[in-house]
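Written out below as structure tokens is the structure these notes cover.
The values are calculated or read from the model by the stated rules, or taken from the named source; none is laboratory data. Keep in mind that this is a model prediction, so the values were computed, not measured. A quick note on method: Cβ atoms are made from the backbone with ideal geometry, for glycine too, and the neighbour counts reach across all protein chains shown. These area figures cover heavy atoms from the full protein model, side chains too; ligands, DNA and RNA do not enter into them. Shrake-Rupley method; radii C 1.70, N 1.55, O 1.52, S 1.80 Å.
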Amino acid sequence: MNSKTIPRAKPHHWLFGSVKPYQEDTLGFLQKGIEMYGDIFQFRTAHKRITVLNRPEYVQHVLQKNHRNYKRHFAYRVLKLLLGNGLICIDGEKWKEERRLMQPHFHRESIRSYFKIIDQSSKKATEQWTKQQEVWLFSEMTGLTLDIITNCFLGGSLSKGVPVIEENLPFALRTIIDRIHSPLQLPLWIPTPQHRKFKKCIQNLEILVAEIIKEKEKSPVGNDLITMYLLLERKGEIISKQQIFDEIITILTAGHETTAIAMYGLIKNVYENEIVKNKVTEEFERVTKGEPLTIDHLGQLHYIDKVIKESLRISSPAWTIGREVIKDDVIDGYAIRKGESVMVSPYLLHRNKDLWCDPYTFNPDRFDQELPHKFAYFPFGGGPKLCIGMSLATMEMQIILYYVLQSGFEMESLTNKKIEFEPSITLRPKTDIRLVQSLAKQKPVLEPSE
């Protein structure tokens, strides 16, 4: 039986293929490809051929039904330059073992134990806002989620090192993205200015983590990741300092960046829709009855749960998942060859008009109905490699949203402001949004006495 032919996008250049249009407007290029060729098509970037899959059945095949035939693709191998053998970069038995070690920190009871940390951090951060007339949303969410992840998983041991992280991690990530997108990757040993700075950033992060590990070794007490690894090492398990470093950088990168982006999208989507904002506020008030927020309240926030789901549908931080084919495969009659890459994208599938009515409209009530397909909605991925921090991220979003609304700050009008996103490892906002203290909350300005 002959397989069906996968439509191929016309290359922009005979050698580099579609590198230029893909780099210049990644999301636009992919959306245009789906409009022109349908829910499966291929494009080429230099010697790499990538198949885009935009049906839930295809996503389920790759991430769940035949997941053993798909490993992480070339982008993750580049990401290893920063994250090493951290959980999101590895496959096979090594991934299973690392997931086993980290899983206890994401069990239901462990996540419940993080409530107090998230609650206190969120309350403290938004109380600090009242000393200012305005704050910048993404900047604030980045700082807050970094503080939360540090206190939840690293015992607060990175608190003094936050400036080091903020100064070095973003540049390192940008370098990784440049290498992923570039058809010609120069070896890192070539001393270009970017390579030298990248290596310096990695060195600074390594020094920071080494100092923390050294301090923790003196008294390995607590429920944090570093202590766990050190105690396992003392019990005879082979745990290298490099492995500890890799997991710390991984959890810092994946744990705070994605949640900060998710919060940026959630607050923007809620504040742009007055009806939604009023319903969210009313539900918080009805459930808490004017008392402080508790973990038991969270399970009663049914409308807010829909709002968070809808925000993750339309503003998913993890915009794409890439896999490489291990052995020849067939999807819906289409031949997928060994060594080729496939791309499944929450950003694209969450906007598929065959699955979602009016997909560009923010409508939380769409989640009153059953999903059109189990994999029509996958902001946290799916299958065995479903994001380990899904429940924690959802709880964070509930708590932080509560305190942002309590702050009395309002979002600036976006009528004449173009909000842009950069599709890198995450779908990162290029445009920050200003929150301003409402007139009712502002402290009066005293006139000087005569």
For the stretch 359-366, check the following and say yes or no: at least one residue is open to solvent by less than 40 Å² (accessible area, probe 1.4 Å), polar (S, T, N, Q) and either assigned to a loop (DSSP other than H, G, I, E, B) or modelled with pLDDT under 95 (or both).
no
So which residues in the stretch 1-45 are closer than 26 Å to Val330 by Cβ, of a type in the set (Gly, Ala, Ser) and open to solvent by 10 Å² or more (accessible area, probe 1.4 Å)?
Ser3, Ala9, Gly38
State yes or no: is Leu348 open to solvent by less than 70 Å² (accessible area, probe 1.4 Å), of a type in the set (A, V, I, L, M, F, W, C) and assigned to a loop (DSSP other than H, G, I, E, B)?
no
So which residues in the stretch 418-450 are modelled with pLDDT of 85 or more and open to solvent by 30 Å² or more (accessible area, probe 1.4 Å)?
Lys418, Ile419, Glu420, Phe421, Glu422, Arg428, Lys430, Asp432, Arg434, Val436
Per the filter on the stretch 323-339, residues buried (at least 18 other Cβ atoms within 10 Å of the Cβ) and either out of contact with any strand residue (DSSP E or B) (no Cβ under 8 Å at 6 or more places or on another chain) or under 28 Å from Pro359 (Cα atoms) (or both) are Arg323, Ile331
Looking only at the stretch 367-384, which residues are in contact with an Asp or Glu (Cβ under 9 Å, 6 or more places away or on another chain) and either under 21 Å from Tyr303 (Cα atoms) or open to solvent by 20 Å² or more (accessible area, probe 1.4 Å) (or both)?
Phe367, Pro372, His373
Count - residues of the stretch 49-95 that are among the charged types (D, E, K, R) and open to solvent by less than 40 Å² (accessible area, probe 1.4 Å)
1
For the stretch 236-263: of the residues being within 27 Å of Ile202 (Cβ to Cβ) and either modelled with pLDDT of 90 or more or of a type in the set (Lys, Arg) (or both), which is surrounded by the most Cβ atoms within 10 Å (Cβ to Cβ)?
Ala260
Counting only residues that are under 30 Å from Lys96 (Cβ atoms), give me the helices (runs of 4 or more DSSP H) lying completely in the stretch 1-79 with at least 1 of them.
56-60
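Yes/no matrix, rows are residues, columns are (1) under 30 Å from Glu247 (Cα atoms); (2) in a helix (DSSP H, G or I); (3) of a type in the set (Asp, Glu):
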{"residue": "Lys309", "(1), (2), (3)": "yes, yes, no"}
{"residue": "Trp319", "(1), (2), (3)": "yes, no, no"}
{"residue": "Glu324", "(1), (2), (3)": "yes, no, yes"}
{"residue": "Met343", "(1), (2), (3)": "yes, no, no"}
{"residue": "Trp356", "(1), (2), (3)": "no, no, no"}
{"residue": "Leu371", "(1), (2), (3)": "no, no, no"}
{"residue": "Leu401", "(1), (2), (3)": "yes, yes, no"}
{"residue": "Glu410", "(1), (2), (3)": "no, no, yes"}
Collect the residues in the stretch 284-327 that are among the polar types (S, T, N, Q) and over 26 Å from Thr142 (Cβ atoms), keeping them in residue-number order.
Thr288, Thr294, Gln300
In this structure, does Ser316 turn out to be among the polar types (S, T, N, Q) and modelled with pLDDT under 95?
yes
(1) over 23 Å from Glu140 (Cα atoms); (2) part of a helix (DSSP H, G or I); (3) polar (S, T, N, Q); (4) out of contact with any Pro (no Cβ under 8 Å at 6 or more places or on another chain) all hold for Asn223 apart from (2)
